[in-house]
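In what follows, a single structure is set out as structure tokens and then discussed.
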Amino acid sequence: MRTSTYIVPGFPPEQWGPQVDQFLTENGFKRQMYKGMDVWKKGTGWLAAPQIFRIVNEGSRVVIETWIPFALLPGVYLGESGLNSAFGFAIKGGMRSILKVLIGYINAPGALPEGYLP
């Protein structure tokens, strides 16, 4: 799997979890199982390519993985592409914006991030 992974020193999930859940839900993401992993997923098919965020708490840090599967046919996926590749650049722009907000919630609950992505 080719994902983009971001490791964020974070607060406990009790402090940021509800805001992250609400934010992703408001942006059309649904929590579901994907290849045995608990992820937030939005979109299906060619016109609305799936966008996936996986957020894992690891004690004093939080790992955020994000990717889009690329399809041969609608619903038939050949692999994944992280945010750093050129494939699906239009979709990934929106995902980068969402990632900035997620990092902001985890770093400082209730506050939007400023500046660059790590």
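Values quoted throughout were computed directly from the atomic coordinates according to the rules given, and no laboratory measurement underlies them. Keep in mind it's a predicted model, so treat the numbers as computed, not measured. Every residue, glycine among them, receives a Cβ derived from its backbone with ideal geometry; neighbour counts consider all protein chains shown.
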**OP:** List Asp38, Asp21 from most exposed to least, where exposure is judged by having the fewest other Cβ atoms within 10 Å.
**Re:** Asp38, Asp21
**OP:** Hey, can you grab everything whose amide H is under 5 Å from the amide H of Ala49? Only 5+ residues off in sequence or another chain; H modelled, so Pro and N-termini drop out.
**Re:** none
Subject >> Packing rank of 30-37, 98-105, where each peptide gets the mean count of other beta carbons within 10 Å, highest leading >> reply: 98-105, 30-37
**OP:** List Ile68, Ile91, Ile106 from most exposed to least, where exposure is judged by having the fewest other Cβ atoms within 10 Å.
**Re:** Ile91, Ile68, Ile106
